[in-house]
Every structure is written in structure tokens, then in C-alpha cells.
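K.L.:
Below is one structure. I have some questions about it.
The values are calculated or read from the model by the stated rules, or taken from the named source; none is laboratory data. Predicted model only: the values in this text are computed from it and were never measured. We place every Cβ from the backbone using ideal geometry, glycine too, and count neighbours over all the protein chains shown. What goes into the accessible areas is simple: the full protein's heavy atoms, side chains included, and nothing from ligands, DNA or RNA. Shrake-Rupley method; radii C 1.70, N 1.55, O 1.52, S 1.80 Å.
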Amino acid sequence: MQLLRASTSEPVEGTPIHGGTEVVPQLRAGLLHAETLVDIRGVVPCGIQEGRIGAGAPLAELECDPSLPEALREACRLAASPQLRTMGSLGGNLLQSTRCWYWRLNWPCRLHGGDECFARDGEHREHAVFANDFCASAHPSDVAAALLALGATLRTTRRELPIGELYRVPTEDDRRTTTLEPGELLLEVEVPPCDASVYLKAMERKRWAFPIVGVAAVRTGGSTRIALAGVAPVPWLYDGGIETATPLPRNAYKLDVAKALVHRAVAALQTV
């Protein structure tokens, strides 16, 4: 395997790597195969300025910046251990793969091109309760949910798009979970101002675990926007329609957790 250093944002043949907290473990586990790694730290912006965040900015920098909304800062703080937050970039966190153990153990599930979602009839306590017909994996990014609630916009090497359009629920004819094309890099995230925001998270441990349920709530003007982490194959914009959920036999408890956290988050907005 060779490592190349990108000097421009023009496409370079190979697998891009920035902080390495996602790519390196997948290489070791045999989930990702690459003859060439392309170091993109020289071409992906890293700074934070007036609501614009470089996709290469480490989570540790975001959590400490008082100019950013509280929901985003808290989501970054709760996302991982201090070591991982120092190394891991914003872009890498948004593009991280599912934590579904069947996928991580390289079972021939639907995301690996197979014809079965093993979680549906297997162990699925931490899996999706929304949009889980084809694939029951749950998106693990706290930060993505916060940015979805904030109505953030992304800039890539090819286009600008709302953050919700970065993700897609996998289907039979397209197993991808993002809309990025080959060679397309995430460069920047623009976060609009808000009046108040909060991020709450339920997890297996008190610190540094992936979300069982994460809730981001944002108040702007007279409206409140809520997004959830850990409940669907993509970050989930919540409109109060809990009746659209399709929980599996052993993860219906997530709905009670989600409702409780949404209630607490909305109440917290009133005190900010």
C-alpha cells in the first residue's frame, strides 16, 4: 500500500484519508481495501470562521469554539474519547460507516451486497426503528444529527447541498448510504445562526459510546427543528410522527427513550 499527498482538490486515484480514525480500523478489519491512500489534509479546509467550518477541523476544536451553537459543541464533546476527538475530523465523522456488528464483522448483509439484513431476525437492540425495511443499521453520528437540526449546508468539490441530501436510505438498486460520488470530497460546512439549541444523548456507557438515541433540538424564531441520531440508517429529521416508526421486537424501547429525550430537549430550549 502506498500513501500519496494531495496538493489540489482535483480527484486523485485512491482512498482519501484525513484523521484516519475511520479508515484505518476498516483497513485492519478487511472492510476497506485500498492500494493507495491519498492524504487530503493539505486540500480540505480546517478553520472555523463566521459559521463556516472546514471539513478537516477536528471535533476537539469544534467543541471548544464559543461561536458555534451549543447543540453542535455538545454533540462533538459526546461523540468520542478525547484522543479520537483530537484526531477525528468533522468530515470523517459525518461520513462514518454504520456500527452494525453484522456489517462490521463482514457478514454478507445487504450493505455488503448480500440479500439479507441479519439484524432484522438477529440481534438488533441498538438498530434502527425508522426506515428499517431494507437495512436496519442505525446511523451513529451525533454531529450529523446536530447539523441536520441546525439546517446546515455542505460544500463539496462539486456542489453545495443541504446536509439532509448528503444521506440516503439504502435500497435494493442502490446500497449506498451517502450521495457522494467517487472522487467527491467534503470541504466545508456552513451553520446558520439560531436562537437556542441543545443536544441530549442516551448511550450504553456514561462516556464515549455511540448513541442509543441522540436528540438535537434547535429554536430559530418561532419554530423548533428536531433531529435524531441512532434511530435510522440516516440522521433522522423528526416531525413528531412517532407513528411512522417500525421497531423490531427488541428495540421498541428506543421509541420511549426518544420521546423522553425530545420532551427534555424542547423543555431545555425554553430555559436558554
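K.L.:
Which residues, taken from segment 49-86, are free of Cβ contacts under 8 Å to residues at least 60 places away in the same chain, touching a helix residue (DSSP H, G or I) at 6+ places or on another chain (Cβ under 6 Å) and part of a loop (DSSP other than H, G, I, E, B)?
P.N.:
Hit for segment 49-86 is 57, nothing else.
K.L.:
Name the residue, out of 105, 62, that is touching a strand residue (DSSP E or B) at 6+ places or on another chain (Cβ under 9 Å), closer than 29 Å to residue 126 by Cα, modelled with pLDDT of 95 or more and aliphatic (A, V, I, L, M).
P.N.:
None of the others qualify; the one that does is 62.
K.L.:
Just for segment 82-118: of the residues that are of a type in the set (S, T, N, Q) and under 18 Å from residue 18 (Cα atoms), which one is surrounded by the fewest Cβ atoms within 10 Å (Cβ to Cβ)?
P.N.:
Per the criteria, the residue is 83.
K.L.:
Contact list please: Cβ distance under 6 Å, first residue in segment 29-47 and among the basic types (Lys, Arg), second residue assigned to a loop (DSSP other than H, G, I, E, B), pairs at least six apart or on different chains.
P.N.:
So the pair list comes out as 41/18.
K.L.:
Are any residues in segment 231-240 within 15 Å of residue 132 (Cβ to Cβ) and either of a type in the set (Ser, Thr, Tyr) or out of contact with any Cys (no Cβ under 9 Å at 6 or more places or on another chain) (or both), and if so, which ones?
P.N.:
The answer is 231, 232, 234, 235, 236.
K.L.:
Looking only at strands (runs of 3 or more DSSP E) that fall completely inside segment 162-249, which ones have 2 or more residues that are under 28 Å from residue 117 (Cβ atoms), touching a residue at least 12 places away in the same chain (Cβ under 8 Å) and of a type in the set (Phe, Trp, Tyr)?
P.N.:
In segment 162-249, the matching strands (runs of 3 or more DSSP E) lie at 236-238.
K.L.:
Right, another one. I need a count of the residues in segment 30-77 that are open to solvent by 60 Å² or more (accessible area, probe 1.4 Å) and more than 28 Å from residue 201 (Cα to Cα).
P.N.:
Total satisfying the criteria: 4.
K.L.:
For segment 252-266, which residues satisfy the criterion of being open to solvent by less than 30 Å² (accessible area, probe 1.4 Å) and either part of a loop (DSSP other than H, G, I, E, B) or among the aliphatic types (A, V, I, L, M) (or both)?
P.N.:
255, 258, 261, 262, 265
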